[in-house]
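Below you'll find the structure, written out as structure tokens, and then a few comments.
The values are calculated or read from the model by the stated rules, or taken from the named source; none is laboratory data. No experiment lies behind these values; they were computed from the predicted model shown. Reconstructed Cβ throughout: ideal geometry from the backbone, glycine too, with neighbour counts over all protein chains shown.
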Amino acid sequence: MSVGTSNHKDLLSAQYFNRITQALTDAGVHQPTLVIDKAHLDQNLSAVKTITERGFDFRIVAKSLPSVPMLKYLMAEAGTNRLMSFHMPFLQHVTVHIPSADILMGKPMPVGSVETFYKIIQSKQSTADTFNPENQLQWLIDSYDRITQYGALAEKLNIVMRISLEIDVGLHRGGFGNINEFEATLIFIQNHKHLQLSGLMGYEAHVTKVPGFIGGPKKAFKQALNTYQVFVDSVTSIFGEESLSKVVLNSGGSTTYPLYEKTGLMNEIATASALVKPTDFDVFTLGHHVPAAFIAAPVLKVIKDPELPMAKGLSKLMHRVGLLPRKACFIYGGNWLAQPCYPSDSKRANILGHSSNQEMYELKASDKIKVDDFMYFRPTQSEAVFLQFGEIAVYEDGKILDWWQVFESRRSE
């Protein structure tokens, strides 16, 4: 199950970041900016396609790449129109700007927010390019109680709702774990003229985190597949064997997608964070992926022998024994969910605490970074961090080629 680990320090050299700095400077950028390395993005997409092209459909998790231009680019390159959505305002945003998308909800939604969604959809003038939820949207259901709520709403609105059932394959974050409740839900859907079974979703993000003393990733993955099979067997027992050709059997995630070596059970894999590889995804299964997303923050001040407030003498002593750095800088912004990656071995200073305005970072005495240079960070995740910068700078071949707008979060458009 080992995939190997790449050496990011070798890849992310001073020369690499100096080229990005020059590109940002040439583009007139002098503020904190989220940068996507398009060549690295493409390399990661190629890695994902080596798995999906074995016979899996590929669903891109939109929350992790919250940018319509980015999603359109990746959908075209991957040859897929399948997205997964987790937030109602973003669902509305995507249905307007990518009306051809086939969308699976990644978590159950309060029935009140679902009703609001349909009111907004129905208030729009129908055109040939209008998103059609009856054909293009799957709602995720995690309990019998919730399916009765959705059934009542579908009947009230006189619509057909496509339903995917969330099954617990070992993560224990919710979803159907009791087979009796699951089968009762299947029968409820089967007997309801406004509901249609569209698939199953079993998320197994726990697999790569299971320690060896309780079985390790290999055993956890096998158990997840076996559990998934039990629920599939229940579907065939109630809806018939032929039903499997008509439903989505979704699984996978950014840390687990490489484990799917062959088809036969699941027919669809979802991933997205692996395409940009934040630090939370520095795991053994993604050793062949490369970081593609960086925060570039201008350096405002470089300080030699930084001191504790009101403690000049103590600061000198702490410098001598190595408890205070000999060099530090203050950046434009800060306090992001991110880890510094250039200059190498830099770290957040504890002298003044966090700051979203001018955060302080310790440097090595040999670092040559100066005022107006950029310091670089790798986001720990993409879904929240990307939304903080408004536009994403697309970097390739020494230039900023494009700007990709991130999602808007208004309730309606």
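Residues that are in contact with a helix residue (DSSP H, G or I) (Cβ under 6 Å, 6 or more places away or on another chain) and not acidic (Asp, Glu) within region 352-394 comprise PHE374, TYR376, ARG378, THR380, GLN381, SER382, VAL394, listed in sequence order.
Looking across region 330-348, the residues that are touching a residue at least 24 places away in the same chain (Cβ under 8 Å) and in a strand (DSSP E or B) come down to PHE330, ILE331, GLY333, ALA338, GLN339, PRO340, CYS341, TYR342. Consider LEU165 carefully, then state whether it is more than 21 Å from PHE86 (Cα to Cα), of a type in the set (A, V, I, L, M) and in the same structural domain as GLU268 (by TED's automatic domain parsing). No: the conditions fail for LEU165.
Listed here are the residues, each with its yes/no results for (1) polar (S, T, N, Q); (2) touching a helix residue (DSSP H, G or I) at 6+ places or on another chain (Cβ under 8 Å); (3) farther than 22 Å from THR255 by Cβ.
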| site | (1), (2), (3) |
| --- | --- |
| ASN44 | yes, yes, no |
| ARG54 | no, no, no |
| TYR73 | no, no, yes |
| HIS87 | no, yes, no |
| GLN92 | yes, yes, yes |
| ILE103 | no, yes, yes |
| SER113 | yes, yes, yes |
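Listed by first and then second residue, the pairs with beta-carbon distance under 6 Å, at least 6 apart or on different chains, first residue in region 3-27 and hydroxyl-bearing (Ser, Thr, Tyr), second at pLDDT 95 or above, are THR5/GLY287; SER6/GLY287; THR21/PHE374.
Got at least one residue in region 117-138 being buried (at least 21 other Cβ atoms within 10 Å of the Cβ), in the same structural domain as ILE60 (by TED's automatic domain parsing) and part of a strand (DSSP E or B)? Yes; the residues of region 117-138 include at least one that is buried (at least 21 other Cβ atoms within 10 Å of the Cβ), in the same structural domain as ILE60 (by TED's automatic domain parsing) and part of a strand (DSSP E or B).
Considering each residue of region 43-64 in turn, none proves to be among the acidic types (Asp, Glu), in contact (Cβ under 8 Å) with a residue 24 or more places away in the chain and not in a strand (DSSP E or B). You will find that of GLU408, GLU391, the residue that is among the acidic types (Asp, Glu) and either within 20 Å of VAL35 (Cβ to Cβ) or in the same structural domain as ASP282 (by TED's automatic domain parsing) (or both) is GLU391 and no other.
Residues in region 67-93 that are without any contact (Cβ under 8 Å) to a residue 60 or more places away in the chain and either surrounded by 21 or more Cβ atoms within 10 Å (Cβ to Cβ) or in contact with a His (Cβ under 9 Å, 6 or more places away or on another chain) (or both): LEU71, LYS72, LEU83, SER85, LEU91.
Once region 188-215 is narrowed to residues that are more than 24 Å from the chain's Cα centre (by Cα) and among the small types (Gly, Ala, Ser), the residue that is farthest from ASN158 (Cα to Cα) is GLY212. So, in region 324-343, exactly how many residues are modelled with pLDDT of 95 or more and either among the basic types (Lys, Arg) or loosely packed, with under 14 Cβ neighbours inside 10 Å (or both)? Of the residues in that region, 1 qualify. Of the residues PRO108, PRO99, the single one that is under 26 Å from GLY174 (Cα atoms) and either part of a loop (DSSP other than H, G, I, E, B) or modelled with pLDDT under 95 (or both) is PRO108.
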